[in-house]
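Encoded as structure tokens, the structure appears first; notes follow it.
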Amino acid sequence: MAMTTLRFIFISDPEKPVVTLKVPNEMLFQEALVMAAKKQDKDAAVLSATYPGGTPIAGGTVEEISDKSTNIHVIDPSIVG
Amino acid sequence: MVDFLKREDDLFYFLQCATISSPRDADWLQRVREEKYAISRFSEYLRFLEGGEWFELRPTSDRATRWVGSVRDVGLEFEMELVLKDAYPTMPPAVRVPKLMDYTDRKLDDGVLGLRICDMHMEQNYWWDEYCGIALYLKREVSYWVQSVLHDMRKEGWLK
């Protein structure tokens, strides 16, 4: 099974923690985000994810997302502004 | 030679400007050229690596102290205004996304724009310095703000 390593950077947190996950290409991106959020004791439902340049991630599989970037910026709106 | 520029690829420090100059300074137009260059590099990055630009921005005059454009999310587009005051770049730009201001508390009073997006808590570490420019501000403040406001609006059922 083909795997991809995604790097979730919790960019709005003061220390900008990074969660690195190796996940199957066919996995839905949202599932990977839930796994990364759990590792940071956060609720994925309140988080928002973008590519590093700020482009919103609409959804899709890990393979589709990683075609553009394997670095994912995670924003916690409860911290922002 | 001491290099003061910060480097951290994920945070896009490659978009920094080199000239520290304010709108009333003699070499302001050099700073404007660097701002435009950084914005074009950021646009290029987004076009080639992320499938398209989530913003569009252009100055309204040669002095480039006021800019207008738009921000985009999936299927949505909102007008944006940006102002560089005399204290720029010591102080960051002021930005307003008029149609979204009524849907959020994440805003501050502003003498020029009336209301502007609140950038005081986007990142808890204060990252702005005089080498940072419009492109970096769009990336590290405006994109988060738009994402956060739209996220809240969808959660409330105000957006489909």
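Just a few scattered comments:
- Across segment B:4-94, the mean sequence separation of Cα contacts (distance under 8 Å, 6 or more residues apart), normalised by length, yields a relative contact order of 21 percent.
- Near-label residues of segment A:39-75 by backbone N, under 18 Å of a point 7 Å along Cα→Cβ of A:LYS22: A:62-63, A:66, A:70-71
- Fraction of beta bridges assigned by DSSP in chain A that are antiparallel (%, nearest 5): 75
- Computed accessible area, A:THR61, all protein chains, 1.4 angstrom probe, square angstrom: 40
- With protein chains left intact and a 1.4 Å probe, residues in segment A:33-80 average 40 Å² of accessible area per residue.
- Each distinct pair of alpha carbons in the protein assembly as shown adds a 1/r term; the inverse of their mean, the Kirkwood radius, is 18.6 Å.
- Per residue of B:42-48, other chain Cβ atoms within 10 Å of the residue Cβ number 2 on average.
- Of all DSSP beta bridges confined to the protein assembly as shown, the antiparallel ones make up roughly 90%.
- Taking every DSSP helix (H) stretch of at least 4 residues in chain A, weighting each as -39,500 (n - 2.57) and dividing the sum by the residue count yields a mean residue ellipticity at 222 nm of -5500 deg cm²/dmol.
- Shielding of peptide B:147-154 by partners, expressed as the average count of other chain Cβ atoms within 10 Å per residue Cβ, is 5.
- Modelled this way, with points 7 Å down the Cα-to-C-beta line, the labels at A:MET1 and A:LYS39 are 1.7 nm from one another.
- Heavy atoms of chains A and B lose about 2300 Å² of accessible surface on contact, summed over both sides with a 1.4 Å probe.
- All other residues whose Cβ lies under 11 angstrom from that of B:ARG154 are scored, Lys and Arg at +1 and Asp and Glu at -1, for a net of -1.
- Dipole in debye (nearest 20) - the protein assembly as shown, about Cα centre, beta carbon charges: Lys, Arg +1; Asp, Glu -1: 180
- In a DSSP loop and with at most 13 other Cβ atoms within 10 Å, the chymotrypsin sites (Phe, Trp or Tyr not before Pro) in segment B:66-154 are B:TYR126.
- Charged-residue dipole, Cβ positions (Lys, Arg, Asp, Glu), segment B:63-150 about Cα centre, Debye nearest 20: 180
- Cα gyration tensor shape for segment B:47-145, rounded if a/c is under 1.5, else prolate or oblate: rounded
- Partners for A:LYS22 among lysines (Cα-Cα distance below 21 Å; same-chain residues under 8 apart left out): A:LYS38, A:LYS39, A:LYS42, A:LYS68
- Sum of side-chain charges, B:ILE117 neighbourhood, beta-carbon under 9 Å (Lys, Arg +1; Asp, Glu -1): +2
- Folded to 0 to 90 degrees: helix B:143-155 orientation relative to chain B principal axis, Cα: 0
- A DSSP coil position with no more than 12 other Cβ atoms inside 10 Å describes none of the GluC sites (Glu not before Pro) in segment B:64-121.
- Our summary gives chain A a relative contact order of 38 percent, counting only alpha carbon pairs under 8 angstrom and 6 or more residues apart.
- Residue by residue along A:3-13, Cβ atoms of other protein chains within 10 Å of the local Cβ number 2 on average.
- Accessible carbon and sulfur surface of the protein assembly as shown relative to its total accessible area, %, 1.4 Å: 50
- The alpha-carbon of B:LYS139 sits under 16 angstrom from the alpha-carbons of these lysines, leaving out residues fewer than 8 places away in its chain: A:LYS16, B:LYS6, B:LYS36.
The values are calculated or read from the model by the stated rules, or taken from the named source; none is laboratory data. Keep in mind that what you see is a predicted model, and the values were worked out from it rather than measured. Glycine gets a Cβ as well: all are built from the backbone with ideal geometry, and neighbour counts include every protein chain shown. What goes into the accessible areas is simple: the full protein's heavy atoms, side chains included, and nothing from ligands, DNA or RNA. Shrake-Rupley method; radii C 1.70, N 1.55, O 1.52, S 1.80 Å.
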